[in-house]
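What follows is a short report on a single structure.
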Ligand code: XBP
Ligand code: MG
């Protein structure tokens, strides 16, 4: 019996990555760093989850021009990136993916618990919900597991295991909603069933292990069992 839906944020609730990419490029230019992350490059960089981890990976393994950024410098650049990102989110530059708002409210009406499991920070989750729902995320979600609460981000299962612990539920009682292969692997390693809807940047990911794949999280595209449970009067 389904007791909870666990939502990923980036790419699942909203297409956030393009705004993150533009914010990085903005900060690189402000800082006199000659890097520009194209869409094509960013797609590849997204294989590494977490902004600070992604920056480090880029400098160590991809960049031709190196700045030998230490941990503090990476933290400072990442903080500036998030400041820019949040300014744009507050200006209303993010839209929710189709079906997400309805799914969240209808599931709540049916007393299905809601949780978040995301590699991004609580600050970014808060700004998204404030701007797209006009609400604090804790008023909608029973529990929120974010990247700043764990040692290992996705594809490690730690974020999903934390959400399960906070919900006090067995994985079999939950479904995870994801948009990427890293998210899918993370949920699967925690033994949670998945519904995946590929986001723009993850359209070529492998979703072969997902229990269900759909175009969007709209009522008509969701699995029949979930539709019956959530949308029938
Ligand atoms: C999302 C991420 C994040 C975002 C930005 O992964 O990898 O790094 O790009 O987040 P998922 P920060 O959707 O699988 O959780 O820059 O705040 O780290
Ligand atoms: Mg995601």
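Taking 2.2 N^0.38 Å as the expected size of a compact globular protein, what ratio does the Cα radius of gyration of region 17-90 give against it, to two decimals?
Compared with the compact-globule rule of thumb, region 17-90 sits at 1.00.
Between the helical axis of 100-109 and the dominant principal axis of the chain, each derived from Cα atoms, what acute angle in degrees is found, rounded to the nearest 10?
40 degrees
Mean residue ellipticity at 222 nm from the helices of the chain, using -39,500 (n - 2.57) per DSSP H segment of n ≥ 4 over the full residue count, to the nearest 500 deg cm²/dmol?
The per-residue figure over the chain is -12500 deg cm²/dmol.
May I ask for the angle, rounded to the nearest 10°, between helix 158-167 and the longest principal axis of the chain, with both axes built from Cα atoms and the value confined to 0 to 90°?
Computed tilt is about 40 degrees.
Separation of region 27-64 and region 185-233 by C-alpha centroid, Å?
What the calculation gives is 29 Å, centre to centre.
Express in nm, to one decimal, how much length is gained between residue 71 and residue 101 on full extension, taking 0.36 nm for each residue of separation and deducting their alpha carbon distance.
7.1 nm
Which percent, to the nearest 5, of DSSP beta bridges fully inside the chain are antiparallel?
Taking every DSSP beta bridge within the chain, about 5 percent pair in antiparallel fashion.
How big is the convex hull of the Cα atoms of the chain, per residue, in Å³?
114 Å³
By how many degrees, 0 to 90 and rounded to 10, does the Cα axis of helix 71-90 deviate from the longest principal axis of the chain?
Helix 71-90 sits at roughly 60 degrees to that axis.
Evaluate E = 1/(1 + (r/R0)^6) for residue 203 and residue 110, where r is the Cβ-Cβ distance and R0 equals 45 Å; express this FRET efficiency to the nearest 0.05.
Result of the calculation: an efficiency of 0.90.
Rule-based calculations on the coordinates, nothing more; no lab input. Keep in mind the model is a prediction, meaning the values are calculated, not measured. Cβ atoms come from the backbone with ideal geometry, glycine included; neighbour counts cover every protein chain shown.
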